[in-house]
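Written below as structure tokens is the structure these notes are about.
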Amino acid sequence: MYHPTDLMIYGAGGAGREIVWMLEQFPAESRYNICCFIDDSPEKQHTMVNDIQVFPLEEALAKFPQASAVVGVGSPKCRKILAEKLTAKGVSFATLMHPTVYWSAYNQCGEGSILQKYSAPTVNITIGRHVLINGMLTIGHDSVIGDYATIGPGTRISGNTTIEEGAYIGAGAVIIGGSKANPIVIGKWAVVGAAACVRKSVLPGQVVVGVPAQPKEERHKS
């Protein structure tokens, strides 16, 4: 029988299993019924992962045609590909926020995005579609997180920061924000390395590492 909170998770790896762990902590009245994992890896299909069945996409859609979905992978590029596959099949998306997330009425969040335990967005924050926000982190006022971005655990994002589509912010990174008129911008599909400290904008596609953060190729020359 169809349940209005039936949910499929695309990706049976670590990120997908962490989403299950998060959902187990929801109060009973808002808990999802996890139908299955979807996974493209033949070795995982038709197995059980943490007591949840794993199916290929077409089989999952046939078994659970009315279920919504989220994409449970850490890579922004992979998340975009998988989200687009689901969209092409007409699948709707859930938006998941752990009960510990205090959500301001002045924030906005797009479909398919996931906010893990003890993530702390403050106020006037815009989060796009299919964003993965890990736990134990802060996002300051007037920040914008673009579609498909991944924000690693323990990051500290100051106010007036714009993180564009598909950017990856590694665990423990610190971004020193700009101003309303001149925000710090992490460009599309850029990567900020773990524990890096970003004090100026990062170009699209650029990889920055270290304290202070520098482009990876320049840091290797120094």
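The values are calculated or read from the model by the stated rules, or taken from the named source; none is laboratory data. In this text the structure is predicted, and so the values were computed from the model without any measurement. Please note: Cβ atoms are built from the backbone with ideal geometry, for glycine as well, and neighbour counts cover all protein chains shown. Only protein heavy atoms, including side chains, enter the accessible area calculation; ligands, DNA and RNA are left aside. Shrake-Rupley method; radii C 1.70, N 1.55, O 1.52, S 1.80 Å.
In this structure the amide hydrogen of Gln214, modeled in the peptide plane, comes within under 5 Å of the amide hydrogens of Val209, none closer than 5 places in sequence on its chain. His141 exposes around 80 Å² of accessible area when a 1.4 Å probe is run over every protein chain in place. Kindly identify region 120-166 as rounded, prolate or oblate by the Cα gyration tensor criterion: order the square roots of the eigenvalues as a ≥ b ≥ c, call it rounded if a/c is under 1.5, otherwise compare a/b with b/c, prolate if a/b is larger, else oblate. Taking the square roots of the gyration eigenvalues as a ≥ b ≥ c, region 120-166 is oblate. Quick check on the chain: helices-only [θ] at 222 nm, where DSSP H runs of length 4 and up contribute -39,500 (n - 2.57) each and the sum goes over total residues. Nearest 500, please. Estimated from H runs of four or more residues: -4500 deg cm²/dmol.
Please report, largest first and rounded to whole Å, the three semi-axes of the ellipsoid equivalent to region 1-42, where each semi-axis is the square root of five times an eigenvalue of the C-alpha gyration tensor. Intermediate values should be presented prior to the final figure.
Details: eigenvalues 79, 38, 4 Å².
The equivalent ellipsoid of region 1-42 has semi-axes of 20, 14, 5 Å.
Ignoring lysines fewer than eight residues from Lys216 along the same chain, the ones with Cα atoms less than 27 angstrom from its Cα are Lys77, Lys80, Lys188, Lys200. Each listed q (0.10, 0.13, 0.17 Å⁻¹) maps to a log10 I(q)/I(0) for region 6-138, found by the Debye formula over equal Cα scatterers with no solvent: -0.30, -0.51, -0.87.
This model, with +1 at the C-beta of Lys and Arg and -1 at the C-beta of Asp and Glu, gives region 67-222 a dipole about its Cα centre of some 260 debye.
The local environment of Gly135, defined by Cβ-Cβ distances under 15 Å, has a net charge of +1 under the rule Lys, Arg +1 and Asp, Glu -1.
Along the axis of the charge dipole computed for region 1-84 (Cβ charges of +1 for Lys and Arg, -1 for Asp and Glu, origin at the Cα centre), the listed residues Ile19, Cys78, Cys36 are led at the positive end by Cys78.
Given 10 °C and 1.306 mPa s, how large is the Stokes-Einstein diffusion coefficient of the chain in µm²/s, with Rh as the Kirkwood radius over Cα pairs?
On the way: Rh = 17.8 Å.
Answer from the Stokes-Einstein relation: 89 µm²/s.
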